[in-house]
Amino acid sequence: MSELTEITQKPPLEHLAIIMDGNGRWAKQRELPRIAGHQQGVEAVTQIVDECVRHGIRFLSLFAFSSENWGRPRQEVDALMGLLLQYLSSQRQKMLAEGIRLRVIGDLSRLSEPVQAALADAERETSQGQTLTLILALSYGGRDEIMRATKKVAQQALDGHLDINQLDNRSFSTFLDTGDLPEPDLMIRTSGEVRISNFLLWQAAYAELYFTDVFWPDFDAVELQKALDDYLRRKRRFGLTDDQVKGE
Ligand code: IPE
Ligand code: IPE
Ligand code: MG
């Protein structure tokens with residue numbers, strides 16, 4: 001195979017999804033409060049967003065707060081929401097200048113009014129961004145998202161706006177929070193845990209998975225490059241044979 005063919009066969013990476021885990025353990029290792037880990041985690045987010053822009057990745061989904069994380073101590077939940085508000089205000093100028101479009105997925109109705117308002121403002125202000133779509137998963141759970149989508153489908157059917165016999169994978173997916181977004185090509189999880197923890201259950205059906213022991217606050221440009229290099233060696237078949245994928 002010529003070098004050129006090899007290069008053109010590398011799988012495209014349009015959408016990167018990350019389960020940012022290990023903030024608490026990062027802090028514990030340093031005998032710091034868990035919130036210090038979350039603070040450092042925000043620094044990692046800033047750096048990885050810059051790296052995605054540099055790599056020309058068009059969509060970055062970050063799992064920031066799960067539907068299950070509501071069960072954490074009140075103090076930690078409040079601190080995380082405070083960090084989110086700080087992040088939004090500190091990144092506003094940069095997002096506008098660099099064409100970063102913010103999108104939020106999850107059950108936003110569970111978030112406080114000020115958080116909902118700040119997110120809606122940021123989404124509206126950055127809606128024209130063309131460089132990178134930054135998708136923040138907040139109060140997000142894959143099962144919860146699929147359940148909410150199913151209820152919308154059922155309601156439309158009851159109202160006579162949708163013929164259930166016409167429903168297929170493609171049309172169902174438009175009812176998800178990610179309805180207009182491409183599916184993730186690569187999903188990274190930090191911190192050594194090897195599970196999905198309810199992230200993008202439907203959308204990650206054919207995502208390549210990459211796990212690293214590095215805690216999220218230590219995940220930097222070098223660690224991202226390792227994941228991207230690993231991804232470029234993957235062979236995505238989507239259920240087909242090797243020969244079919246090569247177009248033979
Ligand atoms: C990930 O880090 C951030 C959130 C889930 C909000 P954790 O807070 O889960 O950190 P660990 O897993 O306890 O180390
Ligand atoms: C997953 O991390 C959720 C986020 C990264 C926001 P968790 O720390 O909540 O996941 P589990 O509990 O270890 O599966
Ligand atoms: Mg965790």
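Apart from one condition, LYS152 fits all of (1) assigned to a loop (DSSP other than H, G, I, E, B); (2) open to solvent by 40 Å² or more (accessible area, probe 1.4 Å); the exception is (1). Here the condition is being touching a Ser or Thr at 6+ places or on another chain (Cβ under 9 Å) and crowded, with 16+ Cβ neighbours inside 10 Å; of ILE196, ILE188, it holds for ILE188 alone.
Just name the residue that is surrounded by the most Cβ atoms within 10 Å (Cβ to Cβ) out of those in segment 164-185 that are more than 16 Å from the chain's Cα centre (by Cα), part of a loop (DSSP other than H, G, I, E, B) and of a type in the set (A, V, I, L, M, F, W, C). It comes out as PHE175. If we scan segment 106-119, do we find a residue that is of a type outside the set (A, V, I, L, M) and closer than 22 Å to THR190 by Cβ? Yes, segment 106-119 contains a residue that is of a type outside the set (A, V, I, L, M) and closer than 22 Å to THR190 by Cβ. Scan segment 191-248 for residues that are among the acidic types (Asp, Glu) and in a loop (DSSP other than H, G, I, E, B) and the total you get is 4. The set of residues from segment 233-248 being open to solvent by less than 100 Å² (accessible area, probe 1.4 Å) and of a type in the set (Asp, Glu) comprises ASP242, ASP243. Evaluation of GLU223 against the conditions (1) closer than 20 Å to GLN40 by Cβ; (2) modelled with pLDDT under 95 shows that the sole unmet condition is (2).
Among the residues making up segment 112-126, those that are open to solvent by 10 Å² or more (accessible area, probe 1.4 Å) and out of contact with any strand residue (DSSP E or B) (no Cβ under 6 Å at 6 or more places or on another chain) are SER112, GLU113, PRO114, GLN116, ALA117, ALA118, ALA120, ASP121, ARG124, GLU125.
Being more than 23 Å from LEU80 (Cβ to Cβ) and in contact with a Leu (Cβ under 6 Å, 6 or more places away or on another chain) is the requirement here; does GLN156 meet it? In short, yes. Annotation note: Cβ proximity below 9 Å between a residue of segment 152-174 that is farther than 23 Å from LEU200 by Cα and a residue that is β-branched (Val, Ile, Thr) and surrounded by 10 or more Cβ atoms within 10 Å (Cβ to Cβ) (sequence gap 6+ or interchain) occurs for LEU162/VAL153; ILE164/VAL153.
Just checking, how many residues over segment 129-149 are in contact (Cβ under 8 Å) with a residue 24 or more places away in the chain and open to solvent by 30 Å² or more (accessible area, probe 1.4 Å)? It would help to see each step written out before you state the result.
Of segment 129-149, the ones in contact (Cβ under 8 Å) with a residue 24 or more places away in the chain are 129-146, 148-149.
Okay, now just the ones that are also open to solvent by 30 Å² or more (accessible area, probe 1.4 Å), so 130-131, 143-144, 146, 148.
Final tally of qualifying residues: 6.
Look at segment 192-218: where a residue is without any contact (Cβ under 8 Å) to a residue 60 or more places away in the chain and a partner is open to solvent by 40 Å² or more (accessible area, probe 1.4 Å) and within 12 Å of ligand 3 (Cβ to nearest atom), sitting 6+ places away or on another chain with Cβ atoms under 9 Å, you get PHE211/GLU193.
Does SER139 meet the test of being more than 17 Å from LEU200 (Cβ to Cβ) and among the hydroxyl-bearing types (Ser, Thr, Tyr)? Against the criterion (more than 17 Å from LEU200 (Cβ to Cβ) and among the hydroxyl-bearing types (Ser, Thr, Tyr)), SER139 does not qualify.
The values are calculated or read from the model by the stated rules, or taken from the named source; none is laboratory data. A quick note: this is a predicted structure, and the numbers were derived from the prediction, not measured. All Cβ positions, glycine included, derive from the backbone under ideal geometry; neighbour counts span all protein chains shown. The area values use the complete protein model at the heavy-atom level, side chains included, leaving out ligands, DNA and RNA. Shrake-Rupley method; radii C 1.70, N 1.55, O 1.52, S 1.80 Å.
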